[in-house]
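For reference, the structure discussed in these notes is given below.
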């Protein structure tokens with residue numbers, strides 16, 4: 001019976017897909033739910049009087065709020081302001097994108113522009129134009145990447161082991177946080193120790209409440225900070241008991257002790273806090289970034305961050321997210337791209353969010369790739385987590401972009417994890433913080449996450465943290481403990497992180513330390529992209545490193561796989577193959593390499609098993625089978641057609657060594673057939689047997705039901721096509737311009 005209002009099966013299916021879990025909303029400027037160009041955004045304007053800004057984006061000086069005041073006094077270069085504001089918005093947009101316009105000229109003009117002018121310019125750019133601009137405008141020539149290293153239970157040894165493996169994989173900044181604030185000192189100490197095992201120079205931070213975070217930094221237990229939040233409206237600052245001046249003071253506190261520090265902002269924050277003033281998300285973010293520059297911070301962690309789900313809910317939201325990152329670059333600041341919050345239930349959508357940034361390159365491609373399992377990420381699952389590491393490495397290999405990471409053999413990772421866990425245990429014991437068993441160490445070394453390790457005494461992280469704080473322990477105490485317990489190399493590396501703070505080089509904009517402890521920054525590694533052939537390019541060694549991933553499969557692997565089954569069937573040459581005279585025979589045509597250099601088909605069956613299954617099917621119907629080898633062609637249609645013309649019944653089965661098979665008849669063109677099993681990995685022994693049966697039935701004048709492969713949406717091409725290339729090359733090598741030969745078969749016991 002027809003039911004008019006019933007949804008279609010397709011609609012019901014689509015409604016069950018992960019994308020349906022995402023909350024999407026229409027634009028609502030009054031609520032701030034608009035990515036670009038809200039009708040409530042101010043028109044760009046700036047007026048100077050006696051060298052001071054007396055009008056900013058439509059507001060007279062008397063009406064300035066605290067953000068306007070701070071930006072007007074400290075965030076705009078008045079020496080270039082009139083020229084910059086007089087530049088047509090579309091002309092400036094074109095300058096940003098054009099590789100022929102020097103980056104320095106773009107940043108010079110941007111330094112004199114107001115937030116509304118910058119926001120209006122970025123609103124003109126398409127996604128591709130934004131990416132082109134980012135390639136030129138990022139501060140540091142060499143992209144890098146940051147990891148989240150946390151766990152559900154604040155296990156110090158697991159923190160240390162995960163930190164060591166993250167650095168071994170290529171992460172150059174590591175960020176931890178805590179489910180329980182009181183555990184922060186223990187986590188920070190464990191992260192510091194683990195980060196210097198395997199390779200030196202990774203910077204670390206513990207993201208917690210600002211007072212605690214600053215104290216940990218002062219003690220040398222962390223080496224950078226980024227969770228100092230700024231906002232785009234005055235009300236949100238007031239709600240947080242903050243001002244731009246207090247944030248600037250905090251930034252100077254970090255800098256005075258040699259600690260790298262960037263601010264955190266991101267669209268959607270003001271919307272979530274109900275104080276967007278109806279402005280567009282990009283305009284509010286442009287205010288945050290102008291404020292950051294005014295405060296003297298090195299850079300900005302932005303691109304949605306915790307508010308990315310709000311931004312992603314509106315039209316053009318993801319374009320706005322990358323426009324935020326470009327906005328940071330225009331201000332000549334380090335851009336630490338978001339990507340640290342799982343922004344969708346859809347794997348396709350979260351990948352689409354991340355991928356453009358990877359291709360364009362930012363100073364930090366992630367402000368927290370979850371290098372631990374998603375369930376252990378105390379920040380909440382990142383857009384990519386440990387479960388996605390191999391995917392990320394292969395995508396990096398596919399496109400040849402600098403994603404910052406490399407594959408490491410499991411044995412190598414286990415070794416650095418063990419060293420880190422044991423070093424952490426040694427320090428905690430030497431300083432009287434906690435004791436751990438060999439079982440604790442072993443479990444943390446081999447664990448995927450905290451669910452794989454014995455339960456900690458619940459009080460351990462808190463007691464250890466209290467002892468750190470009460471005893472006034474610093475990074476120097478960790479250095480002493482490492483040296484005392486025989487970890488001289490790690491002691492020297494932790495000490496080097498203290499030396500680096502004294503040198504102050506990490507205070508350069510966009511500074512990181514590479515594994516040779518060289519500073520890469522806007523001064524030492526400036527972005528020099530000026531079109532094709534310029535800018536960052538992978539060195540040959542790095543490209544080779546990127547090419548190595550877990551599941552690379554070579555022709556040598558094929559040869560080894562084939563050798564293991566060599567001789568599973570013995571096929572002897574019985575001379576030229578002649579046309580048969582028996583009407584009750586089916587000829588089995590074999591490809592040139594079948595049972596010679598190829599011994600295993602793509603489905604894992606040996607060629608002996610394939611052949612015996614087909615023969616069994618023919619014999620089950622009471623017919624005889626004759627074997628020939630077709631030497632002139634490797635094409636399955638030609639093999640089957642040649643065999644059919646030599647068959648007394650006119651029927652044949654064609655077999656390629658890789659496993660594909662068909663039934664052919666002598667009166668059909670070579671590229672036609674009666675039945676075809678073309679997807680070798682999905683052909684089962686029963687299907688081969690049934691193919692033999694059907695060939696015999698056709699020979700008897702019957703019309704059997706054609707065989708169908710099992711239904712599957714499995715993507716077989718990515719798994720098998722490279723193997724097919726190697727197998728086909730083997731077949732081609734053995735093909736020769738010679739007539740078919742008759743074969744006899746023997747089956748070794």
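Summed over the range 384-394, the residues that are part of a helix (DSSP H, G or I) and either in contact with a helix residue (DSSP H, G or I) (Cβ under 8 Å, 6 or more places away or on another chain) or buried (at least 20 other Cβ atoms within 10 Å of the Cβ) (or both) give a count of 5. Would you pick out the residues in the range 332-343 that are surrounded by fewer than 22 Cβ atoms within 10 Å (Cβ to Cβ) and either assigned to a helix (DSSP H, G or I) or at pLDDT below 95 (or both)? Listed by number, the list holds a single entry, 342. I'm trying to understand the selection: among the residues of the range 290-304, which are more than 20 Å from residue 246 (Cβ to Cβ) and either in contact (Cβ under 8 Å) with a residue 40 or more places away in the chain or in the same structural domain as residue 126 (by TED's automatic domain parsing) (or both)? Passing the criteria: only 303. For residue 477, indicate whether it is assigned by TED's automatic domain parsing to the domain that holds residue 405, under 30 Å from residue 105 (Cα atoms) and buried (at least 17 other Cβ atoms within 10 Å of the Cβ). Criteria not met by residue 477.
Table: residues versus (1) farther than 25 Å from residue 726 by Cα; (2) touching a strand residue (DSSP E or B) at 6+ places or on another chain (Cβ under 7 Å).
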position	(1), (2)
528	yes, no
544	no, no
551	no, no
607	no, yes
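Considering each of 708, 671, 662, 702 in turn, give the residue that is surrounded by fewer than 18 Cβ atoms within 10 Å (Cβ to Cβ) and touching a helix residue (DSSP H, G or I) at 6+ places or on another chain (Cβ under 6 Å). Being surrounded by fewer than 18 Cβ atoms within 10 Å (Cβ to Cβ) and touching a helix residue (DSSP H, G or I) at 6+ places or on another chain (Cβ under 6 Å) holds for just one of 708, 671, 662, 702, which is 671.
Residues of the range 428-439 that are in a helix (DSSP H, G or I) and either free of Cβ contacts under 8 Å to residues at least 12 places away in the same chain or surrounded by fewer than 20 Cβ atoms within 10 Å (Cβ to Cβ) (or both): 429, 430, 438, 439.
The range 481-596 holds helices (runs of 4 or more DSSP H) entirely within its bounds, and those carrying 2 or more residues that are over 34 Å from the mean Cα position of the chain (by Cα), outside the structural domain of residue 611 (by TED's automatic domain parsing) and surrounded by fewer than 14 Cβ atoms within 10 Å (Cβ to Cβ) map to 488-503. Looking across the range 219-240, the residues that are farther than 20 Å from residue 188 by Cβ and in contact (Cβ under 8 Å) with a residue 60 or more places away in the chain come down to 230, 232, 233, 234, 237.
With respect to residue 212, is the statement that it is more than 24 Å from the chain's Cα centre (by Cα), free of Cβ contacts under 8 Å to residues at least 40 places away in the same chain and under 20 Å from residue 489 (Cα atoms) true? Criteria not met by residue 212.
Considering the conditions (1) within 13 Å of the chain's Cα centre (by Cα); (2) more than 21 Å from residue 317 (Cα to Cα), residue 350 is excluded by exactly one of them, (2).
Reported count of residues in the range 118-129, each being outside any loop (DSSP other than H, G, I, E, B), surrounded by fewer than 24 Cβ atoms within 10 Å (Cβ to Cβ) and in contact with a helix residue (DSSP H, G or I) (Cβ under 7 Å, 6 or more places away or on another chain), is 2. Evaluating residue 348 against the criteria (1) surrounded by fewer than 20 Cβ atoms within 10 Å (Cβ to Cβ); (2) assigned to a helix (DSSP H, G or I); (3) in contact with a strand residue (DSSP E or B) (Cβ under 9 Å, 6 or more places away or on another chain) leaves one unmet condition, (3). Candidates 166, 202, 147, 188: the one that is crowded, with 20+ Cβ neighbours inside 10 Å, in contact with a strand residue (DSSP E or B) (Cβ under 9 Å, 6 or more places away or on another chain), assigned by TED's automatic domain parsing to the domain that holds residue 475 and free of Cβ contacts under 8 Å to residues at least 40 places away in the same chain is 188. Residues in the range 315-330 that are in contact (Cβ under 8 Å) with a residue 60 or more places away in the chain and crowded, with 24+ Cβ neighbours inside 10 Å: 317, 320, 322, 323, 325, 326, 327, 329, 330. Among the residues of the range 710-724, those identified as at pLDDT below 80 and closer than 16 Å to residue 678 by Cβ are 711, 712, 714, 715, 716, 717, 719, 721.
Taken together, the residues in the range 241-280 that are under 33 Å from the mean Cα position of the chain (by Cα), surrounded by fewer than 24 Cβ atoms within 10 Å (Cβ to Cβ), touching a residue at least 60 places away in the same chain (Cβ under 8 Å) and assigned to a helix (DSSP H, G or I) amount to 2. Among the residues making up the range 130-166, those that are part of a helix (DSSP H, G or I) and under 27 Å from residue 445 (Cβ atoms) are 156, 157, 158, 159, 160, 161, 162, 163, 164, 165, 166. In the range 44-60, is there at least one residue being within 22 Å of residue 322 (Cα to Cα) and modelled with pLDDT of 95 or more? Yes. Of the listed requirements (1) part of a helix (DSSP H, G or I); (2) surrounded by fewer than 16 Cβ atoms within 10 Å (Cβ to Cβ); (3) within 38 Å of the chain's Cα centre (by Cα), residue 67 misses just one: (2). For the condition surrounded by fewer than 20 Cβ atoms within 10 Å (Cβ to Cβ), under 41 Å from the mean Cα position of the chain (by Cα) and not assigned by TED's automatic domain parsing to the domain that holds residue 395, residue 713 qualifies. Residues considered: 419, 397, 425, 406. Of these, the only one that is modelled with pLDDT of 95 or more, over 19 Å from residue 193 (Cβ atoms) and assigned to a helix (DSSP H, G or I) is 397. For the range 71-96, taking the residues that are in contact (Cβ under 8 Å) with a residue 40 or more places away in the chain and assigned to a helix (DSSP H, G or I), the one that is farthest from residue 136 (Cα to Cα) is identified as 73. Residues that are under 11 Å from residue 141 (Cα atoms) and touching a strand residue (DSSP E or B) at 6+ places or on another chain (Cβ under 9 Å) within the range 512-523 comprise 520, 521, 522, listed in sequence order. Please go through the range 362-383 and give me each residue that is touching a helix residue (DSSP H, G or I) at 6+ places or on another chain (Cβ under 6 Å) and part of a loop (DSSP other than H, G, I, E, B), ordered by number. Result: 362, 371, 372, 373, 381, 383.
The values are calculated or read from the model by the stated rules, or taken from the named source; none is laboratory data. These figures come from a predicted structure and were not determined experimentally. We place every Cβ from the backbone using ideal geometry, glycine too, and count neighbours over all the protein chains shown.
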